[in-house]
Amino acid sequence: MTFVAKPRVHHPKLPVNEIGLTRRDYEGPVSTLCAGCGHDSVSAAIVQACAELSLPPHKFAKISGIGCSSKTPSYFLSKSHGFNSVHGRMPSVATGANLANRDLYCIGVSGDGDTASIGLGQFAHIVRRRINMLYVVDNNGTYGLTKGQFSATNDKGSTSKKGLPNLNEPIDLVSLALQIGASFVARSFSGDKKQLVPLIKAALIHKGFGFIDVISPCVAFNNHQGSTKSYDYIRDHSEPVVVTDYFAAQEEITVDYAPGTSEEVHMPDGSVLCLQKLDEKFDVHDKVHALNYVQTRQAQGEVVTGLLYVDPDASDCHEVLDTVQRPLNELDVDDLCPGNAALEMVNAGFR
Amino acid sequence: MKPTNIFDPNYFHKVVDCQWACPAHTPVPEYIRLISQQRYTEAYMLNWDSNVFPGILGRTCDRPCEPACRRVRTEENPVAICRLKRVAADHKGDIGAYLPKVPVEKNGKRVALLGAGPASLAVARDLLPHGYDVHLFEKDPSGGGMMRSQIPAFRLPIEVLEEEVDRILEMGVVTHFGHEITSMKSMLEEDFDAFFVGTGAPRGRDLTLPGREESTSHISIGIDWLSSVAFGHTDKIEGKVIVMGGGNTAMDCCRTAKRLGAESVSVVVRSAFEVMKASEWEKEDAMSEGIPIINNRPPKEFVHENGKLKGVVFECVKPVRGDDGRLSYVPSGEPDVFMAADHILMAIGQENHCPWIERDIGIEFDKWDCPILEEDTLQSSNPKIFFGGDAALGPENIIWASAHAHKAAISIHLFCQGKDLKAARPPEGVNLVSQKMGMHEWSYDSVHDPALRFRVPHVEREVALKNIKVEVELGFDEALGAKEAQRCLNCDIQTVFTDRLCIECDACVDICPMDSITFTENLKEKVLRERLTAPAGNTEQALYISDELNTGRVMVKDEDVCVHCGLCAERCPTNAWDMQKSVFHIPQLGSYAEQ
C-alpha cells in the first residue's frame, strides 16, 4: 500500500476543460490497491473520461458493493457522492439513487464476484429495469481480497497461481447483459485506455443501462502463465471488433476511416460515436448477431473487445415509469400532496 | 528513436539541471540533502571539494545553477541554491579531519602560480596533496585577488574571505606577496616545471569622450576604485556620484559610494533595464537602498569648468527589438539631459591585460588579446604555461575559476609526470545506486514540497548603510535553511527503467503527477514529442526511451518536469521503475584515481 500522497503539483501545461477544471480535479486519493492492479487503470480511465466530457464532479453518484473493485470509487471523483454498499447489492442502491435523483450521473463499479456470484440476481434485474447508469465490472477472474480463489468468470481450464485448473464453466457477463436487454454493451481491457476511455464516455452519455465488462488483471493472484485474465494473455488474445471514437456535440470530427467500414452513431444529446468496424460483417445494432459473434469467437479462444451493441434510442427506467422531469428528491410537500381537490380529480378518474 | 544509454555519464547529469549548469559541477542536491540532515560540515566539504570557496560563493556566486533549477519549470522560483551553500558554510563544524593531507616530502616538481586570485588558489589546493612545491606570486600584499579587491565587505565579510583563502595558503603554499611580475620571459628563466597564469581581467574599460582628459581627477575606474576601498586607501567619496555601467561592478560601486558618504548616487546605463549584465538580485539590492537606475542614456560628454567636473551630458535613446530578437537603440527624440556630478565611477566592463607577457616566448594570442589555449587542457601554445580564470577566457565569475583550476591542475600534473595531457586524463563516469530501503521506503525525502521560495533576511537598512563592513544579508538560519532545503526536488535521484521487467500495466502512467510517462509506438523524435501524454515542448530536455517492450511499444519519459517524487517506482508492481541515485565522477586531481 502506498503511503505517499500524489502531490498537487501538475504539468504546467495541463489542459483545462470547458468548466475550468483539469483532469487532476477529477482524481481521488492514491489507491490502496496492489501496485499494478488493473482496477487503478480503470479508475484513471473514468477520471480522464469525466474530465474530457467536462461534467461537474458533484453531479456524480458512485455506487459500489464489496471487493477490490468496489473500493475503487474512493480513488476517483473525490468531489462527488458515493455509497459503498453491501456485497452484490450495488444494483439496488444504484436503482434507489437514480430514482431519487435522475439528474445525477450514476456510476456503479462492481467486480466479477460482486456481479457474477453473490450479486448475479441483482445484476440481472438492474439490466431489466434499464436504470440510466454506467455499470462497470472490473473483471479479473479471481477473488483477490481472499487471496486468489477462482471466481465465476474464470475460464474453465485456466489455472490458479499454484497451477491447478478451474473445473467450472464461466459466466460471460457480456452475453448475459445482451441477452437480458442491456441497451449499451461493451468489453474492454484495463491496459488499453485508448479503447476504454471513449467507451466510458459513450456509456455515460447513453440514456439507459450502459454496461462495460473490463478485463482488469489481478497482478497479485491472476497474472501468471496459465491464467486467461493476465496482461500477457489478454494482449495476445484480445480481438477488437469495433474502434470507437467519441465526439461531443459541436466537436469537430477528426477521424477519417476507410469507406465501407465506418459508421456514425448519433446519441440523443447530439454527440457522435464514430465507429470503425475491424470486421466488416459486424453490426453493433443487432443484438442477436452480437451475441452470436461473441460466443463464436470465444469458442475459438478469442476475447472480443470494443463496443458490441448500442441502441441510441433506448429508453430508461424514468421514461418507462413516466416520472416527472424534476428529480424526485426535489419534490416538496406541496408537490406530493396537492390537496383535496386534486385527490378528488384522481379518484374521479377511477370511477 | 534509439533507446537511451543511461550509462553515458552525461545523460543523467543533464537531468540534474543545477549540477549540469554549474561550471564546477557541484553535486547540489546531495549537499542540500546533507543540510536537511543538519550535516553542515559534510555539506560544506562536498562543496569545498568541488568549488573550493563555499563560504565566498555562498554569498557572491553568479549562480548559473538557479535559472537552470527544475522548480523554474514546475512553478516559478528556483531553490535558493546559492544561499543554502552559505548555510552549510555558516553552520559547519570543525573540518580539520576532512582536509587532504599534504606530504612533507615533496615530489620534486616546482609549479609557479601567477596571481593570487581564486583560480591560482584552487590550482594550489589541487596540487599540494600530490607533493608539488607550489609558489604563488601576487602584486597585492595579500591573497584573494578580485574576491578581496572587487567585492565589497558588505557582501563578503573579510573574515569569510580570509578563512577560505588562508586555509589553502596554510596547506603549504610558498607565497610571494607584493611581488609584481613584469616579465614572463624572466619568470621562465626561473627553475619551475610549470606555470599557471591566473592574473584575472584586471583592466577596467575607459571611455574616450569629450572632456574625459580634462576631468580626469574626478573620474575613477570602478574596479580600481573598489580595490582602493578594499585596501583602505579610499574611505570617503563626496558630492554627487554617477556610476556608469550596468554590471555587477556598477552595483558594487554605487552601493559602496552610498556607504562612503556620497551626497547622492545614481547609476546611468546606456542600455535597457532588462538587458543589464548585473544579476537580478544585485539590481534589487541597489534599488532597495534607494539608488536610482536610469536606463537608455548613453553618455555624450563630460562637462567641466576650470579643471573641475560639473557633470555629464547624456543622449536619450529607446530600445527597438529587431527581427532577430536583439535590442538596438534609436534616438528617442527627447533632448539631451545634463546630470550634475562631482565624481564619476566608470564600470563599463573589464578586460584581460597582460602587457608583461612578451609576445616572443611561444604564447600565441588571439585578436581579443586572449591567449590561445587548448580547450580541454587549458595549456597555452607554450607547453609549460597554463591559464585559468578570467585570464584564460575573459571576465566570468569565481565559479568558473574553480572549474578551470581543476582542469588545469590535472593538466599540470600530467605534464609534470610526462604523460599525455589528453589520453591520460581521468574519464567522466556515473554510478547508479538504488535508493529503495523497503516495500515503501526510500532513502530520500521523496514527498514534493509545494512551498514557495523563502527570502533571505537582511539587516536593517539604516544599520547597513552606515558601515561598509556590515554584511547586508543575514543568511538563512538553521530553521529557514531546513525549510528551503526541503524545496529541492532531488533531481539526482533518477527514475531508472528496466524494460525486461515491465508488464505494461500503466500504473506509472496513471500515478505520475506531471504526466511525464507514455507507452507508445516508437517514432521519430519530433513526432513523438507531440504525441506524449503531455506534449514535450522543451527540446532542451531529453526523452528517456526504453528498448522495445512485449507489445512492441516503448516507454517514453519526458525528463522536463519530472519532480522525482518516486511514485512511478512506488506503484510499479515489478520494480521495472527504480529510484537510483546518480553520482557523477567529475575529473579532478585527487578526487578519484586517475588512470
Antiparallel content of DSSP bridges confined to region B:229-353, in %, to 5: 60 percent
Can you pull out the trypsin sites (Lys or Arg not before Pro) in region A:137-240 that DSSP calls coil and that have at most 13 other Cβ atoms within 10 Å? A:147, A:156, A:162
Show the residues, 5+ positions off or on another chain, whose built amide H is closer than 5 Å to the amide H of residue A:139. A:214, A:215, A:216
Nothing charged except the Cβ atoms of Lys and Arg (+1) and of Asp and Glu (-1): what's the magnitude of the dipole of chain A about its Cα centre? Round to the nearest 20 debye. 1340 debye
Per the helix-only calculation at 222 nm, which mean residue ellipticity applies to chain B, given -39500 (n - 2.57) for every DSSP H run of n ≥ 4 and division by its residues, nearest 500 deg cm²/dmol? -7500 deg cm²/dmol
What are the aspartates and glutamates whose alpha-carbon lies under 19 Å from the alpha-carbon of residue A:62, with same-chain residues fewer than 8 places away excluded? A:25, A:27, A:40, A:52, A:103, A:112, A:114, A:138, A:213, A:316
Given a 10 angstrom Cα cut-off, can you work out which residue in A:110, A:230, A:262 is the most mobile in a GNM of chain A? A:262
Compactness of the protein assembly as shown as Cα Rg over 2.2 N^0.38 Å, two decimals: 1.24
Antiparallel versus total DSSP beta bridges in the protein assembly as shown: what percent is that, nearest 5? 50 percent
Filter the GluC sites (Glu not before Pro) in region A:270-337 down to the DSSP loop ones having no more than 13 other Cβ atoms within 10 Å, then list what survives. A:280
When the Karplus curve 6.51 cos²θ - 1.76 cosθ + 1.60 is applied with θ = phi - 60°, which whole-Hz ³J(HN,Hα) does each residue of region B:340-357 get, with x for Gly and Pro? 5, 7, 9, 8, 10, 10, 9, 10, 10, x, 9, 8, 5, 7, 10, x, 7, 8
Using θ = phi - 60° and the Karplus curve 6.51 cos²θ - 1.76 cosθ + 1.60, what whole-Hz ³J(HN,Hα) does each residue of region B:445-454 get, with Gly and Pro shown as x? 7, 7, 5, 6, 9, x, 4, 7, 4, 8
Over what distance in Å are the Cα centres of region A:266-340 and region B:445-500 separated? 58 Å
Summing +1 for each Lys or Arg and -1 for each Asp or Glu, what net charge is found among the other residues whose Cβ lies under 14 Å from the Cβ of residue B:139? -2
Under 17 Å Cα-Cα from residue B:14, which aspartates and glutamates qualify once same-chain neighbours fewer than 8 residues away are excluded? B:30, B:66, B:428, B:492, B:540, B:558, B:559, B:560
Under-5 Å amide H pairs with residue B:113, H placed in peptide plane, nonlocal only: B:135, B:136, B:137, B:196
I need the phi-derived Karplus couplings for region B:86-101: 6.51 cos²θ - 1.76 cosθ + 1.60, θ = phi - 60°, integer Hz, Gly and Pro marked x. 5, 4, 4, 5, 5, 10, 5, x, 6, 9, x, 5, 8, 6, x, 7
Yeah, region A:23-321 with a ≥ b ≥ c from its alpha-carbon gyration tensor (a/c under 1.5 is rounded, else prolate when a/b outruns b/c, oblate otherwise) is rounded
Rounded to 0.05, the calculated FRET efficiency for the beta carbons of residue A:86 and residue A:225 at R₀ = 35 Å is 0.45
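At 0.36 nm per residue, minus the direct Cα-Cα distance, what do residue B:575 and residue B:419 gain on full extension? Give it in nm, one decimal, please.
51.6 nm
I'd like the antiparallel share, as a percent to the nearest 5, of DSSP beta bridges with both residues in chain A.
Restricted to chain A, the bridges split so that about 40 percent are antiparallel.
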Qualifying GluC sites (Glu not before Pro) in region B:51-118, DSSP loop, other Cβ atoms within 10 Å at most 10: B:76, B:105
For helix A:340-350, what angle does its Cα long axis make with the longest principal axis of chain A, in degrees from 0 to 90 and rounded to 10? 70 degrees
Two pseudo-spin positions, 7 Å from Cα along C-beta at residue B:330 and at residue A:320, lie apart in nanometres by 7.7 nm
Calculate for chain A the 222 nm mean residue ellipticity that helices alone would give, adding -39,500 (n - 2.57) per DSSP H run of length 4 or more and normalising by residue count, nearest 500 deg cm²/dmol. -8500 deg cm²/dmol
Which of A:176, A:331, A:99 fluctuates most in a GNM of chain A (C-alpha springs under 10 Å)? That residue is A:331
Once label points are set 7 Å from the Cα along Cα→Cβ at both residue B:356 and residue B:320, what is their separation, rounded to one decimal in nm? 4.8 nm
With the label point 7 Å along the Cα-to-beta-carbon line of residue A:18 and a cut-off under 17 Å to each amide N, the hits in region A:38-58 are A:48-58
Under a 5 Å amide H to amide H cut-off, with H placed in plane at 1.01 Å, what residues pair with residue A:145 once short-range neighbours are removed? A:68
Cross-link partners of residue B:185 among lysines (Cα-Cα below 18 Å; sequence separation of 8 or more within a chain): B:139, B:384
Over region A:150-233, what is the relative contact order in whole percent, taking alpha-carbon pairs under 8 Å and six or more residues apart? 29 percent
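Each reported figure results from applying straightforward, stated rules to the coordinates on display, with no laboratory input. Keep in mind that what you see is a predicted model, and the values were worked out from it rather than measured. Note that we place each Cβ from the backbone using ideal geometry, even for glycine, and neighbour counts take in every protein chain shown.
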